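Asks: Quick one: structure below, then a few questions.
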Amino acid sequence: SRYGANFAVPALFLDQFPAWFAGVAFAAIGIGALVPAAIMSIAVANLFTRNIYKEYLRPGCTPEAEAKMAKLVSLIAKIGALVFVLALPQSLAIQLQLLGGIWIIQTLPAIFFGLYTRWFDPRALLIGWAAGIGTGTWMAASLGFKSSVYPLTLFGFTIPGYAALYTVILNLAVAAVFTLVFRALSKTVHDDLTAREDYL
């Protein structure tokens, strides 16, 4: 109990096994924590290299240059994560993890509906995303970043629910309303120029 609930497994190793075995077990736990971190840093590197570096900064770069940039960005991401863990308070990591679930779901309407339907206006999807991000952050902040279950009050009734669900519904509603507004104000027709051959 003196180690706390988060350290129950390491405490078990310390208490029940010899020191050499506890050391091996701790090393295994450390490696197990590094694997997802490495995968995420590689994902960040690929996203940056393919979608920003190659697309906007160096469109004509060779595959070798792209691979070198991806390795560099992956290393920077790992160092940044290490600094984050060692230098920043643990409470901030918990708060960002809480916000991460609320923030990431806000990309669903833009990605899903942006890929599979042309009804939504791109500007409206962006405004909806911003509304969801802002409202979700406000909901988490109003709860002191201690919970993601927000007590929504409607017509005198309080309905506790996941803040990400409420905000993604708001995101969709705002995107739909602004799509209608932009269509009414704009005479530009956004035609779908995608051909069947593009998918083959």
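Asks: For the range 1-77, what is Rg from Cα atoms divided by 2.2 N^0.38 Å, rounded to two decimals?
Replies: Normalised by 2.2 N^0.38 Å, the Cα Rg of the range 1-77 equals 1.74.
Asks: What translational diffusion coefficient, to the nearest whole µm²/s, does the chain have by Stokes-Einstein, given a Kirkwood radius computed over alpha-carbon pairs, a temperature of 37 °C and 0.692 mPa s viscosity?
Replies: Diffusion coefficient, whole number: 155 µm²/s.
Asks: For the chain, find the longest principal axis of its Cα atoms and tell me its angle to the long axis of helix 90-104, 0 to 90°, nearest 10.
Replies: 30 degrees
Asks: Taking a label point 7 Å from the Cα of Leu165 along the Cα→Cβ vector, which residues of the range 91-106 have an amide N closer than 20 Å to it?
Replies: Within reach of a label on Leu165: 98-106.
Asks: Still on this model: Label Gln95 and Phe155 with points 7 Å out from Cα along Cα→Cβ: what is the distance between them in nm?
Replies: That separation, rounded to one decimal, is 3.7 nm.
Asks: Using a 1.4 angstrom probe, figure out how much accessible area the chain has per residue, in square angstrom, rounded to the nearest whole. Let's see the in-between values first.
Replies: Details: 14410 Å² over 200 residues.
About 72 Å² of surface per residue is accessible.
Asks: Could you work out how far helix 63-87 tilts from the main Cα principal axis of the chain, as a 0 to 90 degree angle to the nearest 10?
Replies: Helix 63-87 and the main axis of the chain meet at about 60 degrees.
Asks: With a 1.4 Å probe and every protein chain kept in, tell me what percent of the accessible surface of the chain is carbon plus sulfur.
Replies: Details: 10280 of 14410 Å².
Percent of accessible area from carbon and sulfur atoms in the chain: 71.
Asks: For n ≥ 4 DSSP H runs only, could you compute -39500 (n - 2.57) per run for the chain, divide by its residues and tell me the 222 nm figure to the nearest 500? Mind showing how you got there, number by number?
Replies: Numbers: 6 runs with 123 residues, N = 200.
Counting only the DSSP helices, I get -21000 deg cm²/dmol.
Asks: Follow-up. For the chain, modelled as a Gaussian network with Cα springs under 10 Å, which listed residue fluctuates most, Gln90, Gln106, Gln16?
Replies: Gln16
Asks: Oh, and also: Quick check: with the 1.4 Å probe, what order do Tyr56, Tyr166 take by accessible area, largest first?
Replies: Descending accessible area places them as Tyr56, Tyr166.
Asks: Something else now. Between Ile79 and Glu55, how high is the FRET efficiency from 1/(1 + (r/R0)^6) when r is the Cβ-Cβ distance and R₀ = 25 Å? Nearest 0.05.
Replies: Efficiency, rounded to the nearest 0.05: 0.55.
Asks: Something else about it: If each residue of separation counts as 0.36 nm, what is the full-extension length gain between Ala25 and Ala141 once their alpha-carbon separation is subtracted?
Replies: 38.0 nm
Asks: Treating the beta-carbon of each Lys and Arg as +1 and of each Asp and Glu as -1, no other charges, what is the dipole magnitude of the chain about its Cα centre, to the nearest 20 debye?
Replies: Here the chain has a charge dipole of around 260 debye.
Asks: Kindly write out, for the range 107-116 in residue order, the coupling ³J(HN,Hα) from the Karplus curve 6.51 cos²θ - 1.76 cosθ + 1.60 (θ = phi - 60°), rounded to whole Hz, with x marking Gly and Pro.
Replies: 7, 4, x, 5, 6, 5, 6, x, 8, 9
Asks: Continuing with this model, one more query. Using the alpha-carbon atoms, what tilt in degrees (0 to 90, nearest 10) does helix 122-142 show relative to the longest principal axis of the chain?
Replies: 40 degrees
Asks: Next up: What order do Leu165, Leu172 take when sorted by accessible area (1.4 Å probe), most exposed first? Before the final figure, lay out the partial values.
Replies: Details: Leu165 95, Leu172 60 Å².
Accessible-area ranking of Leu165, Leu172, largest first: Leu165, Leu172.
Asks: Related question: I need the phi-derived Karplus couplings for the range 160-168: 6.51 cos²θ - 1.76 cosθ + 1.60, θ = phi - 60°, integer Hz, Gly and Pro marked x.
Replies: x, x, 5, 4, 5, 5, 4, 6, 6
Asks: Below 13 angstrom from the Cβ of Glu66, what's the summed charge of the other residues (Lys, Arg +1; Asp, Glu -1)?
Replies: That works out to +3.
Asks: Around Leu152, which amide H atoms from residues at least 5 apart in sequence, or from another chain, sit under 5 Å from its own amide H, with H modelled in the peptide plane?
Replies: Placed amide hydrogens put Ile159, Gly161 under 5 Å from Leu152.
The values are calculated or read from the model by the stated rules, or taken from the named source; none is laboratory data. None of the values given here were measured: they were computed from a predicted structure. Every residue, glycine as well, gets a Cβ built from its backbone with ideal geometry; the counts of neighbours run over all protein chains shown. Only protein heavy atoms, including side chains, enter the accessible area calculation; ligands, DNA and RNA are left aside. Shrake-Rupley method; radii C 1.70, N 1.55, O 1.52, S 1.80 Å.
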